[in-house]
Structures are given as C-alpha cells and as structure tokens.
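The values are calculated or read from the model by the stated rules, or taken from the named source; none is laboratory data. Because the structure is predicted, anything quoted here is derived from the model rather than measured. We place every Cβ from the backbone using ideal geometry, glycine too, and count neighbours over all the protein chains shown.
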Amino acid sequence: MKTDSKYLGLVTKKFNDFFLVDLKNKLNFEDSERFLCKVKKSINFKDQLIHVGDEVVIGNIDLKSKRAVITSLKKRKNFLARPSVANISNIYITFSVEEPELNLSQVNRFLISAESMGVEVSLVLTKCDLISDKRRSFLLDKFEKWGYQAITLNLNKSDNFKNLLAELGQKESSIFMGPSGVGKTTLLNMIIPGLQNSTAPVSNKIKRGKNTTRNVELFSISNQSYIVDTPGFNMQIPEIDIKLLPNLYSEIYKQVIEEGIRCKFRNCLHLNDEGCNLNKSFERYSFYKEMIESSKSQYYRNQED
Ligand SMILES: Nc1nc2c(ncn2[C@@H]2O[C@H](COP(=O)(O)OP(=O)(O)O)[C@@H](O)[C@H]2O)c(=O)[nH]1
Ligand SMILES: [Mg+2]
Ligand SMILES: [Zn+2]
C-alpha cells in the first residue's frame, strides 16, 4: 500500500545512506510511524548533509515495507558538531559532585559553551549520595547565583530522578553533556529502559574510545519528546564571538539587559574600570575574565594566520 501524500518527519538515526524517520504528526498510521528512508536521488540539498535531529519531508510512503523517501530538508535551528545532531532544544550540563571532583572552571566552560548555542541550558549534579546535605545546599546556593537551579541527583533515590524524567517529557529534544565518568550513561540507561549502554568506573575511563564509533540516536521518551543518546563525547567548545560572550553570563545579562546599566563604551567587555559600570563582585567574574582573555588571544592568532 503506497500513499502519494507528503509528511513531515524527524530523523532519529542515520547509517550509511539510510535514515530512520519518525512522523512528526502521527496520523492514522498506527504502528507505522517510523520509516526507513533514502534521500530522493534527484534532490540536491546544496551539499548539506542530513543529520540526526533534522526535520525532513518524506514522500513515496510504503506502509507495508515501512519505506519512504526524503524529498526535502527543513531549515535547521541549530547544529551541534560533536556529536553531530541538529535542532537541540535543551542541553543538560552534567557534572558529578564527587568522583570526579567538581571543577568549577570546567563547569563554567561547559555552561557558557552550551549558552552560546542559544538553547535552554540546565545544570545536573550527579552522585549527591557522596556528599552531605549541607554541601548539597551550599552547591545549590552557589549555582543559583550563577543563574541556574541545579537538579541534584542520587541514584539511590528515585524521587529526584522522576522529576527530571517528567521535565524531559516536556522538552522537544534534550541532550546530556559533561565530562567522562559523571554518570551520563547511567542516567540515560535509567531514562531509556532497554538501552543498556555500558558504564564504566572512572578508573577505567582511560581505555575509553571503543564504543564511541556507534552512531548518535534520538530516543522518543514521550509523544514529540526526544533525548539524544551520546556515545560518550565530551563537549567540543565552539568558538564564541567575543562580543556575545558577556551576555552569556546571567550575572552580566541581568545588569546590562534587565537593569539597563550603561558603560562608557558600547561593546564594553567589562574588563577595565575606566568607564565601566558593571558590578564585578560576582563569583564567576574571574572565569569570565579568563575566557575573554583567551578568546582575545585566539582572535589575534586567527588574524595572524
Ligand atoms: N555513587 C554514585 N555513583 C554513580 C552515580 N551515577 C553513576 N555512578 C557511577 O559512576 C561511574 C561512571 O558512570 P557512567 O554512567 O559510565 O559515566 P559517563 O562517563 O558520564 O557516561 C559508574 O561506575 C557508575 O556506576 C551516582 O548517582 N552515585
Ligand atoms: Mg558514558
Ligand atoms: Zn562595562
């Protein structure tokens, strides 16, 4: 049985020349909502590759064999290079409070890189069973000042995990990112029953890299809600435009955009006191300064090349 109609779909998996595409608006197809597709031969997407997370139009649908053809590619909202995935709506920066120990500068770099994508960014703190309640409150306070309501997790208690699960079910396309050993795979295995990716204690992480060739995949966790299964990548730090960097910090954004403070120079990088009206007494200011300095040297290095 074939139908000539065209439907909007979401690429959830990619291998060689094939794509698995879920229908966006599940109609009367009942179980046949996932199709194995190839790209229509006559179509030239201007050398654009189709990636997992892309929205596509499919046609030539064969309901019996569950095959179809991708006839066009919709405009992408964003693209993450490593892993290659398009149209992310939420990034969950994931760090363990211990084992490995929390490195604030690294947490900050991950957060700011995620913010530069223009998506909703959240902070997840794992392994909270390894710290006291007092330490946990201390960390919650700290990250609240950074502009984040951290989600604290403890594998031994399912309540806080259930809240996260409910939240993920409300988001379009979420991804967990963070350094190795913090519990991302453990978390994904809990979120997606039946996934059973292999987890490894921190000490074994050096031998990593064996299962990283597996492709990225989007898993449906509720109607129209997906989660990216990352094969253990760390985040690749994108080059952030130095002019955009200040407002990626909520402490600066609040002052400049919400309170409307003005510095003497437009595009003030808030480094020198002269003519700068930014209140710099916030914890992340030193991280901010470091980031500005390093992107400046990056900028000049690129000029010389
Ligand atoms: N104590 C404790 N250990 C955890 C927790 N979550 C994960 N782990 C352990 O941390 C190690 C690394 O986990 P894994 O999921 O492989 O981390 P990934 O590299 O981020 O994917 C494993 O030995 C897990 O059992 C937790 O909430 N508490
Ligand atoms: Mg992992
Ligand atoms: Zn300033």
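Quick one: what pairs do we get from the stretch 271-283, first residue at pLDDT 95 or above, second outside any loop (DSSP other than H, G, I, E, B) and surrounded by fewer than 10 Cβ atoms within 10 Å (Cβ to Cβ), C-beta under 9 Å, 6+ apart or different chains? Taking only residues 6 or more apart or on different chains, not a single pair turns up. When the stretch 101-127 is filtered for residues that are out of contact with any Asp or Glu (no Cβ under 9 Å at 6 or more places or on another chain) and either farther than 21 Å from Y253 by Cβ or free of Cβ contacts under 8 Å to residues at least 12 places away in the same chain (or both), the ones remaining, listed by number, are E101, L102, N103, Q106, V124, L125, T126. Give the residue that is nearest to ligand 3 (Cβ to nearest atom), with candidates limited to residues of the stretch 245-270 that are touching a helix residue (DSSP H, G or I) at 6+ places or on another chain (Cβ under 7 Å) and farther than 16 Å from V121 by Cα. Ranking the candidates gives H270 first. For the stretch 169-198, the set of residues classified as out of contact with any helix residue (DSSP H, G or I) (no Cβ under 7 Å at 6 or more places or on another chain) and more than 8 Å from ligand 1 (Cβ to nearest atom) consists of G169, Q170, K171, E172, S173, I175, I192, P193, G194, listed by residue number.
Looking only at the stretch 142-165, which residues are touching a strand residue (DSSP E or B) at 6+ places or on another chain (Cβ under 6 Å) and in a loop (DSSP other than H, G, I, E, B)? Listed by number, the residues that qualify are Y148, A150, L153. Kindly indicate whether any position in the stretch 53-64 is surrounded by fewer than 16 Cβ atoms within 10 Å (Cβ to Cβ), within 21 Å of V21 (Cα to Cα) and of a type in the set (G, A, S). No, there is no match, as no residue in the stretch 53-64 is surrounded by fewer than 16 Cβ atoms within 10 Å (Cβ to Cβ), within 21 Å of V21 (Cα to Cα) and of a type in the set (G, A, S).
Screening the stretch 214-253 for residues that are among the charged types (D, E, K, R) and surrounded by fewer than 19 Cβ atoms within 10 Å (Cβ to Cβ) and picking the one that is modelled with the highest pLDDT gives K243.
Being away from ligand 2 (no atom under 16 Å from the Cβ) and surrounded by 15 or more Cβ atoms within 10 Å (Cβ to Cβ) is the filter; apply it to the stretch 124-139 and report the residue that is nearest to L168 (Cα to Cα). Among those residues, the one meeting the criterion is L125.
I'd like the full set of residues that are buried (at least 20 other Cβ atoms within 10 Å of the Cβ) and of a type in the set (A, V, I, L, M), limited to the stretch 107-118. Hits for the stretch 107-118 are V107, L111, I112, A114. Restricting the first member to the stretch 286-305 and to residues that are under 19 Å from N247 (Cβ atoms) and surrounded by 12 or more Cβ atoms within 10 Å (Cβ to Cβ), and the second to residues that are modelled with pLDDT of 65 or more and polar (S, T, N, Q), the beta-carbon pairs closer than 6 Å and six or more apart or on different chains are F287/S105; F287/N108.
For the stretch 80-118, the set of residues classified as in a loop (DSSP other than H, G, I, E, B), within 25 Å of I50 (Cβ to Cβ) and within 16 Å of ligand 1 (Cβ to nearest atom) consists of R82, P83, listed by residue number.
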